[in-house]
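Written out below as structure tokens is the structure these notes cover.
The numbers here are math on the coordinates, done by the rules we state, and not lab data. Values in this document were obtained by computation on a predicted structure and should not be read as measured data. Neighbour counts are summed over all protein chains in view; Cβ atoms, including those assigned to glycine, are modelled from backbone coordinates with ideal geometry.
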Amino acid sequence: MLDQFWSSLKSGTDIRGVASKGGGFEINLTDDVIKRISKGFAIWLAQTFQVSFDCLMIAVGHDSRISADRISNAAMTALSETGAKVLDCGLASTPSMFFAIEEFDCQGAIEITASHHPFDRNGLKFFTKHGGLDSKDITEILQYAQENKTPPKREGVIEKCDSMDRYCHRLQQMILDGVGAREGELPLSGFHIVVDAGNGAGGFYADRVLKHLGADITGSQFLEPDGMFPNHVPNPEDKQAMESICKATLKAKADLGVIFDTDVDRGGAVDSTGAEINRNRLVALASAIALEQCPGGTVVTDSITSSGLKVFIEEYLGGKHHRFKRGYKNVINESIRLNEQGVASPLAIETSGHAAFRENQFLDDGAYLVTKIIIQMVKLKKEGKQLQDLLQYLQEPVETVELRLPITEQDFRGCGNRIIQQLKIFAEKKTYWQIAPDNYEGIRCSFDENHGDGWFLLRLSVHDPLMPLNIESNQIGGTKRIARELEGFFEQCQGLDISPIKKFIQ
């Protein structure tokens with residue numbers, strides 16, 4: 001059983017914590033903690049693959065955070081002390097670390113990253129040839145760390161390794177094959193693509209992939225790694241970040257703009273008009289691409305996708321929409337489960353920009369997603385069309401809002417689940433509240449044109465003591481109208497700070 005300290009480091013299927021000073025929090029990812037976790041991973045790998053420690057090969061990479069070198073050195077030192085061979089991949093994207101396992105015949109890999117979180121945070125993501133680890137695996141590793149389990153000390157080796165070179169070649173070949181070009185040709189010649197890496201690990205994509213294949217990348221920005229993220233948060237969900245890439249794309253008069261999060265497992269895009277291809281629009285475009293090769297397939301998404309997206313996937317693309325839970329690993333695992341049951345599911349995707357294609361071993365890979373979009377853009381241009389033409393039948397909401405309601409009770413999961421059950425009982429008494437029959441988390445209710453023409457979803461956050469409330473409406477003022485429908489219920493709730501909804505309604 002994990003104690004409070006070690007359980008606090010668990011973030012779904014990752015490990016995250018405070019790694020640097022300056023953010024106002026005490027550092028909990030110390031060298032000792034990192035070494036204990038790294039040795040825990042080595043123990044887990046040796047047991048999982050039934051090999052001795054001196055037969056283990058483990059790749060280690062990191063994003064651009066200011067704590068990356070310290071944590072990377074601590075992790076590699078600890079792993080080498082088990083007798084394992086360690087590949088030092090340096091600055092690398094998360095997806096490249098998964099492919100390093102295949103390229104270099106490793107048993108496991110670690111990416112040191114905290115995704116889009118502030119500069120003072122960091123963490124570890126773990127991979128085997130089967131993909132990212134699950135929640136129970138992280139718990140087991142942390143249990144070893146808590147107990148300070150360590151193999152007898154041996155002398156392993158640490159070798160420098162350029163995993164990104166092979167990963168970039170993989171993306172280059174993907175574009176060549178996707179547009180029917182041959183090695184040595186420049187299929188992106190004549191296309192202008194702007195890249196925003198947010199000073200994370202994604203700057204490679206501009207020079208080592210796009211420019212290499214002939215694209216004009218002038219106007220690209222924030223390609224240099226800088227762990228303080230001085231320009232904007234590297235996050236395709238962030239409003240400032242998306243405004244920045246939209247402006248850059250328009251200023252450059254580019255055909256496309258693309259943006260990555262810090263470790264490049266998420267991506268977003270901007271079309272030639274400066275319009276975002278993000279959230280529901282990104283899901284719609286990725287679905288259109290995936291279903292071309294899998295007619296009638298099932299697209300698994302997270303729970304907050306729009307009603308219009310379901311219509312688009314099912315009525316215009318001829319696929320099936322399976323709205324599941326938040327959490328990229330939840331969505332991926334559900335798509336894998338469907339395929340194992342004989343239900344063709346070519347894509348698992350969150351509105352956050354996590355997208356995992358079946359053809360890509362269900363790895364959430366922002367560069368792979370963006371590359372698929374670029375291939376589609378090239379193919380459409382040959383037909384005299386643009387990317388935005390694929391989205392012309394997507395019905396988009398007039399208004400959308402997310403209100404994050406803090407839970408004030410210590411047992412935040414118990415409190416959140418209790419509130420959801422209470423709201424279900426409340427909703428059942430309302431004749432014009434239509435409870436969604438196919439909902440997999442929280443409670444989702446729809447309203448007709450006389451009561452807001454939209455829906456709300458109240459759920460418990462995957463990681464934090466919060467209850468996000470998402471509201472969408474097809475009317476001006478509709479989101480506030482739906483929020484007022486909920487006001488009476490929230491006023492009688494215990495353990496929930498409802499000031500965000502009160503402020504919104506005013």
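The figures follow:
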{"quantity": "Residue range of the chain that is longest and free of GluC sites (Glu not before Pro) which are both DSSP loop and sparsely packed (at most 10 other C-beta within 10 Å)", "calculated": "184-382"}
{"quantity": "Stretch gain in nm, segment Y440-D177, where the contour uses 0.36 nm per residue and the Cα spacing is subtracted", "calculated": "90.9 nm"}
{"quantity": "Contact order relative to length of region 194-276, as percent, for alpha carbon pairs under 8 angstrom and 6 or more apart", "calculated": "35 percent"}
{"quantity": "Per-residue ³J(HN,Hα) for region 215-224, Karplus 6.51 cos²θ - 1.76 cosθ + 1.60, θ = phi - 60°, Hz, x for Gly and Pro", "calculated": "6, 7, 10, 4, x, 5, 9, 6, 7, 7"}
{"quantity": "Rg(Cα)/(2.2 N^0.38 Å) for region 167-391, N = residue count", "calculated": "0.96"}
{"quantity": "Stokes-Einstein D in µm²/s, Kirkwood radius over Cα pairs - the chain at 37 °C with 0.692 mPa s viscosity", "calculated": "138 µm²/s"}
{"quantity": "Label point distance in nm, V311-E292, each placed 7 Å from Cα along Cα→Cβ", "calculated": "2.5 nm"}
{"quantity": "Placed amide H near G83: partners under 5 Å, 5+ positions off or other chain", "calculated": "R154, G156"}
{"quantity": "Gain on full stretching of the segment that runs from T48 to Q361 - 0.36 nm per residue minus C-alpha separation", "calculated": "110.7 nm"}
{"quantity": "For q = 0.14, 0.18 Å⁻¹, Debye-computed log10 I/I(0) when each Cα of region 399-505 counts as one equal scatterer", "calculated": "-0.49, -0.83"}
{"quantity": "Per-residue [θ]222 nm for the chain (sum of -39500 (n - 2.57) over DSSP H runs n ≥ 4, rounded to 500)", "calculated": "-11000 deg cm²/dmol"}
{"quantity": "Percent RCO, i.e. relative contact order, over the chain, from Cα pairs under 8 Å lying at least 6 residues apart", "calculated": "11 percent"}
{"quantity": "Exceeding the 18 Å Cα-Cα cut-off - candidates K39/K153; K325/K503; K239/K329; K35/K129; K10/K39", "calculated": "K325/K503; K239/K329; K35/K129"}
{"quantity": "Percent RCO, i.e. relative contact order, over region 110-172, from Cα pairs under 8 Å lying at least 6 residues apart", "calculated": "17 percent"}
{"quantity": "Extension gain from R404 to C55, taking 0.36 nm per residue of separation minus the Cα-Cα distance", "calculated": "120.9 nm"}
{"quantity": "Within the chain, percent of DSSP bridges classed antiparallel, to nearest 5", "calculated": "60 percent"}
{"quantity": "In sequence order, calculated HN-Hα J values of region 345-362 (Karplus, 6.51, -1.76, 1.60; Hz; x Gly/Pro)", "calculated": "10, x, 8, 10, 8, 9, 5, 6, x, 6, 9, 10, 8, 4, 5, 10, 6, 6"}
{"quantity": "At least 15 Å along the helix axis (C-alpha) and Kyte average at least 0.0, DSSP helices within the chain", "calculated": "31-49, 68-80, 94-104, 280-292, 366-382"}
{"quantity": "Charge dipole (debye, nearest 20) of region 274-430; +1 at Cβ of Lys and Arg, -1 at Cβ of Asp and Glu", "calculated": "180 debye"}
{"quantity": "Candidate aspartates and glutamates for bridging to K125, where Cα separation is under 13 Å - those fewer than 8 sequence places away on the same chain excluded", "calculated": "D14, D63, E111, D134, D137, D263, D265, D364"}
{"quantity": "Dipole in debye (nearest 20) - region 353-506, about Cα centre, beta carbon charges: Lys, Arg +1; Asp, Glu -1", "calculated": "180 debye"}
{"quantity": "Normalised convex hull volume, region 38-160, alpha-carbon set, Å³ per residue", "calculated": "99 Å³"}
{"quantity": "At R0 = 41 Å, FRET efficiency that the Cβ-Cβ distance of R166 and A275 yields, to 0.05", "calculated": "0.75"}
{"quantity": "13 Å cut-off, amide nitrogen to a point 7 angstrom out along S499 Cα→Cβ, residues in region 381-422", "calculated": "405-408"}
{"quantity": "FRET efficiency estimate (nearest 0.05) - Cβ-Cβ, T218 to D464, R0 45 angstrom", "calculated": "0.65"}
{"quantity": "Calculated FRET efficiency for the pair T431/K21, C-beta based, R₀ 45 Å, to 0.05", "calculated": "0.20"}
{"quantity": "Within region 439-461, backbone nitrogen closer than 17 Å to the virtual label 7 Å beyond the Cα of I420 toward Cβ", "calculated": "439-446, 456-461"}
